[in-house]
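Engineer: Please see the structure below; I have some questions.
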Amino acid sequence: MSNTNINPWNFEAAYPSPDHTHTITYNDLEEMAIGAPLNGQCFLHFPNGKSIKLGGWCGGPPVWEPDGKKVALPLWKRKIFVGTVQQLAIIDVAKLEMKIYNKVFNVLDVQSFISNIIKGCNTPLNKCEPVTFDISKEKVGKIVDLK
């Protein structure tokens, strides 16, 4: 993306796949609290006009793999004894499934998704902790069938 100001506090409402066959869109984007990152309802749109809701408490921005087959999407979760955190979801548009990984983040700023490696930053406005997330090695907590 050419806009370097895109981050969890400031991102767009639509993200087409690199091959322009699918699009991730957000509705009702709002701050989690005053000055906090954004969240909203998130949808995956298909070339035939079909749409699937991915969640109601999604963060962003998402990042597509270069071939447009998978997209990385931060999700907000409330966890007992921990509070509000983010987890990473990977949506496979060919298999129509969403894998939600167990690892938690404060605020995840996903910056690249190449092969199985997602790179980004945890808590990017306070103290950037570099993130290298290998989806082939991380533990999956939940698989959601999107069919």
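Engineer: State whether one or more residues within the range 82-97 are over 20 Å from Ile24 (Cα atoms), modelled with pLDDT of 95 or more and open to solvent by 50 Å² or more (accessible area, probe 1.4 Å).
Structural biologist: no
Engineer: Under 7 Å by Cβ, and 6 or more places apart or on different chains, what pairs join a residue from the range 74-85 that is touching a residue at least 12 places away in the same chain (Cβ under 8 Å) with one that is in a strand (DSSP E or B) and open to solvent by 30 Å² or more (accessible area, probe 1.4 Å)?
Structural biologist: Leu75/Trp57; Trp76/Trp57; Trp76/Thr84; Thr84/Arg78; Val85/Lys77; Val85/Lys79
Engineer: In addition: Of all residues in the range 20-46, how many are surrounded by 13 or more Cβ atoms within 10 Å (Cβ to Cβ) and touching a Gly at 6+ places or on another chain (Cβ under 7 Å)?
Structural biologist: 9
Engineer: Separate question: Determine whether Ile6 is in contact with a Lys or Arg (Cβ under 7 Å, 6 or more places away or on another chain) and either hydrophobic (A, V, I, L, M, F, W, C) or modelled with pLDDT under 95 (or both).
Structural biologist: no
Engineer: Just to verify a result, which residue in the range 117-145, among those that are modelled with pLDDT under 95 and part of a loop (DSSP other than H, G, I, E, B), is least open to solvent (accessible area, probe 1.4 Å)?
Structural biologist: Thr123
Engineer: Among the numbered conditions (1) part of a strand (DSSP E or B); (2) free of Cβ contacts under 8 Å to residues at least 60 places away in the same chain; (3) under 11 Å from the mean Cα position of the chain (by Cα), tell me where Gly60 comes up short.
Structural biologist: So the condition that Gly60 fails would be (1).
Engineer: Follow-up question, since we're still on this one. When the residues of the range 47-61 are filtered to those that are of a type in the set (Gly, Ala, Ser) and more than 14 Å from Glu30 (Cα to Cα), which remaining residue is surrounded by the most Cβ atoms within 10 Å (Cβ to Cβ)? Lay out the reasoning, then the answer.
Structural biologist: Pass one, the range 47-61, residues of a type in the set (Gly, Ala, Ser): 49, 51, 55-56, 59-60.
When the remaining residues are screened for being more than 14 Å from Glu30 (Cα to Cα), the result is 49, 51, 55.
On the way: Gly49: 6, Ser51: 11, Gly55: 19.
Checked the range 47-61; the qualifying residue surrounded by the most Cβ atoms within 10 Å (Cβ to Cβ) is Gly55.
The values are calculated or read from the model by the stated rules, or taken from the named source; none is laboratory data. Just so it is clear, the model here is predicted, and its values are computed rather than measured. Here the Cβ is made from the backbone with ideal geometry for all residues, glycine too, and neighbour counts use every protein chain on show. The area values use the complete protein model at the heavy-atom level, side chains included, leaving out ligands, DNA and RNA. Shrake-Rupley method; radii C 1.70, N 1.55, O 1.52, S 1.80 Å.
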